[in-house]
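A short worksheet on the structure shown next.
The values are calculated or read from the model by the stated rules, or taken from the named source; none is laboratory data. Note that the coordinates shown come from a computational prediction; the quantities given were computed from them, not determined experimentally. Cβ atoms come from the backbone with ideal geometry, glycine included; neighbour counts cover every protein chain shown. Only protein heavy atoms, including side chains, enter the accessible area calculation; ligands, DNA and RNA are left aside. Shrake-Rupley method; radii C 1.70, N 1.55, O 1.52, S 1.80 Å.
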Amino acid sequence: QVQLVESGGGLVQPGGSLRLSCAASGFTFSVYAMTWYRQAPGKERELVASIGNTGRTTYYLDSVKGRFTISRDNAKNTVALQMNSLRPEDTAVYSCNVRKIGVDYWGKGTLVTVSS
C-alpha cells in the first residue's frame, strides 16, 4: 500500500532555511507526479509545489516562487522541498501527496514553525 513519510520540519528563525524530505513506498514512484501541500492554523490547505514524474517540470505557489525548490530522486523514492528565506507566514504543517488512479494519498505531515 502507498506510504508517504515526511521529515525535516522544525523551528527556524525568519530568513532561515529548512529542507523537507518525503520517503515514498508502495507504488512505482517514478511514474507519478509528487506534490507538497501545507496547512496553516485556521487556514485551508494550499498547494505549495509540484514536480512531474521525471523532475523536468515544476510548479510553485506564487508566494514561495524563488524561495522554495522542489526536487526528486527516483532512485531513492524521495521528494524534497528546500525552503530558503523563510517567513512567519510559511508556518504550517507540510504534507507530501501523490494522486494515484484518482485517489489522493497523504503523509502525516511535518510541522514547520518560523518565528523569532
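Structural remarks
- Highest average first, the peptides 73-83, 106-116 ordered by how many other beta carbon atoms sit within 10 Å of their residues are 73-83, 106-116.
- Residue-span extension gain [SER25 to LEU47] - 0.36 nm each, minus C-alpha spacing: 5.8 nm
- Counted residue by residue at 0.36 nm each, then reduced by the alpha carbon distance between them, the extension gain from ASP104 to SER63 reaches 12.4 nm.
- For segment 1-94, applying the loop criterion from DSSP together with a ceiling of 12 other beta carbons within 10 Å to the GluC sites (Glu not before Pro) yields GLU44.
- Accessible surface of the chain [probe 1.4 Å, protein heavy atoms]: carbon and sulfur percent: 47 percent
- Per residue solvent-accessible surface (Å²) - the chain, probe of 1.4 Å: 55 Å²
- Isotropic mean projected area of the C-alpha convex hull, segment 1-46 (nm²): 4.6 nm²
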